[in-house]
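The values are calculated or read from the model by the stated rules, or taken from the named source; none is laboratory data. From a predicted model like this one, the values you see are computed outputs, not experimental measurements. Here the Cβ positions follow ideal geometry from the backbone for every residue, glycine too, while neighbour counts run over all protein chains shown. The protein model used for the area step is the full one, side chains on, heavy atoms only, and it has no ligands, DNA or RNA in it. Shrake-Rupley method; radii C 1.70, N 1.55, O 1.52, S 1.80 Å.
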Amino acid sequence: MEKSALISRVCYDNHHFCLAILFSFLFCSLFLSFRAPNHALTFKPLNPSNTKNLTTTHSCTGRYVYIHRLPSRFNNDLLHNCHSLTRGTNKPNMCPYMQNMGLGPPIATSQGVLTNNTWYATNQFLLEVIFHNRMTKYSCLTNDSSLASAIFVPFYAGLDVSRFLWLSNLTDRDSSARDLVQWLANRPEWKKMWGRDHFLISGRIAWDFRRQRDEESYWGSKFRFLPESMNMSMLAVEASSWNNDYAIPYPTSFHPSKDTQVLQWQRKIRHQKRPYLFTFTGAPRPELEGSIRGKIIEQCRASSVCKFVDCSYGVESCDDPINVIKVFGSSVFCLQPPGDSYTRRSIFDSMLAGCIPVFFHPGTAYSQYKWHLPKNRSRYSVYIPVKDVKQWNANVEQVLLGIPEGDVSAMREEVIKVIPNIIYADPRSKLDSFEDAFDLAVKGMVERIEKVREATRRGIDPSIGFADEDHYKYTFSQNFS
């Protein structure tokens, strides 16, 4: 009682002091209320990783890819049994090329020809493995197939069929393909677009999967003519004349892991001394009627400004990345006539060395690599059409000498600028500022599938034109006269 009376008397005598106590009490009560045990009103800054996920989610809209988990017989088992893959190659053993996620053995020393730590002895048939490994690192992968804009099928089609291409038994040639499409057709993802959102990759040319008759003398498997496969799209180093086959670059031996390695290589070849006007590396094809190679070799051998490297079967120098780049890097122009098929790995090896390609047929590049090479062919290449070998009498040296020096420099600079588009970066890393051949291929495929999806939304039958043959794709039309 006395204590209460004392407080009352103090407050009565000094009301300012009491008001101060009252406000202090209210302030403390309000502050403590924001410290409630459940932290309901506590502000938490965004976790940086959460911010990144939000950004990734936004940038991946319309770009998500789902990867099928195939039975191992369609991919990994082939790598484990790599000794069975040597037929049809000039290699006694394909197993070493499986190293480094399909890049092959690293090239340790090159006598200054190459740059360090970015070069491998890459076999072109391992593109399927390289691409698959890059796909597993794709920034917009999803485990939810309902979100996917595209479905990737990691079937090593080229490695699989290479075991049987030279066998007469058609059942063996087609066995894996039939089993694969049956497996796919039974998956729930198939029914979403009946396979038209599915795509796969081949390190062989697409023609190897388009046997048109069930006769032993006809080449290849009939994989791409199976009804389910006709609903899918294939990326291959050379496309066929069917609309659902798309060409992407052959793999070279250059697999950078950083942007600086790309820039370093571009600087090196930009200042390269080139003592030869033009070069041809290859072998004659006397057995192929209509082949221009014989005349090209004649002209090259007769010229003092041409370098000819004979790549007849068994010549090691043509398979050595150091020698290949050294030869191409010493020439201004590199001749790229068709060989056993329209295209050649040499196209990309030569461009990688800063050599301006010279084409003789539209099917060698212009009708093929539309996602990776400039649309304006004259910006980066020379075109000398050969419609009829017997009537062809152009002089390659004179044609090339007639190109103004300024135009030559501009073409070479364009070739050097295009290099990121035609290389496959190391699957264990990713380039920051450049889109490489893999990036452009996936982008092109996703856009292609979206067009099919849009046609379906508009009520158009998606099968119309999807897998039709384009009979004019590789002819000397007005665009390629």
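What the table below lists for this structure:
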| item | result |
| --- | --- |
| Approximate spin-label separation Asn395-Asp179, in nm, with each point projected 7 Å along Cα-to-Cβ | 6.0 nm |
| Reachable aspartates and glutamates from Lys473, criterion Cα separation under 19 angstrom, eight or more residues apart if same chain | Asp208, Glu238, Asp245, Asp340, Asp388 |
| Alpha carbon convex hull of segment 102-157, volume per residue in cubic angstrom | 106 Å³ |
| Protection-proxy order for peptides 421-430, 357-366, 164-173, each taking the mean of Cβ atoms within 10 Å per residue, highest first | 357-366, 421-430, 164-173 |
| Percentage, to the nearest whole number, of Cα pairs in segment 255-345 over 15 Å apart | 66 percent |
| Kirkwood Rh, Cα atoms: Rg over Rh of segment 152-256 | 0.97 |
| Descending principal axes extents, segment 81-211, alpha-carbon based, whole Å | 55, 43, 24 |
| Whole-number accessible area per residue in Å² for segment 243-375, which is evaluated in the context of all protein chains at 1.4 Å | 39 Å² |
| Per-pair calculated FRET efficiency, R0 = 51 Å: Arg270 and Cys95 via Cβ, rounded to 0.05 | 0.85 |
| Share antiparallel - DSSP beta bridges, the chain, percent rounded to 5 | 10 percent |
| Principal-axis tilt of helix 293-302 within the chain, Cα atoms, nearest 10 degrees | 80 degrees |
| Angle between the chain longest axis and helix 15-33 axis [Cα atoms, degrees, rounded to 10] | 40 degrees |
| Computed accessible area, Lys268, all protein chains, 1.4 angstrom probe, square angstrom | 70 Å² |
| Percent carbon-and-sulfur accessible area, the chain, ignoring ligands, DNA and RNA, probe 1.4 Å | 53 percent |
| Heavy-atom accessible area ranking, 1.4 Å probe, most first, across Val415, Val305 | Val305, Val415 |
| Per-residue [θ]222 nm for the chain (sum of -39500 (n - 2.57) over DSSP H runs n ≥ 4, rounded to 500) | -10000 deg cm²/dmol |
| Whole-number D in µm² s⁻¹ for segment 312-455, Kirkwood Cα-pair radius fed into Stokes-Einstein, 10 °C, 1.306 mPa s | 94 µm²/s |
| Prolate/oblate/rounded label for segment 393-481 (Cα gyration tensor, a/c 1.5) | oblate |
| Using θ = phi - 60° and Karplus 6.51 cos²θ - 1.76 cosθ + 1.60, couplings along segment 235-247 (whole Hz; Gly, Pro as x) | 8, 8, 5, 9, 7, 7, 8, 8, 5, 9, 10, 10, 8 |
| Nearest-ten-degree value, helix 405-418 long axis tilted from longest Cα axis of the chain | 50 degrees |
| Principal axes of segment 272-317: Cα extent on each, largest first, Å | 36, 24, 15 |
| Heavy atoms of His471 accessible to a 1.4 Å probe, total area in Å² rounded to 10 | 130 Å² |
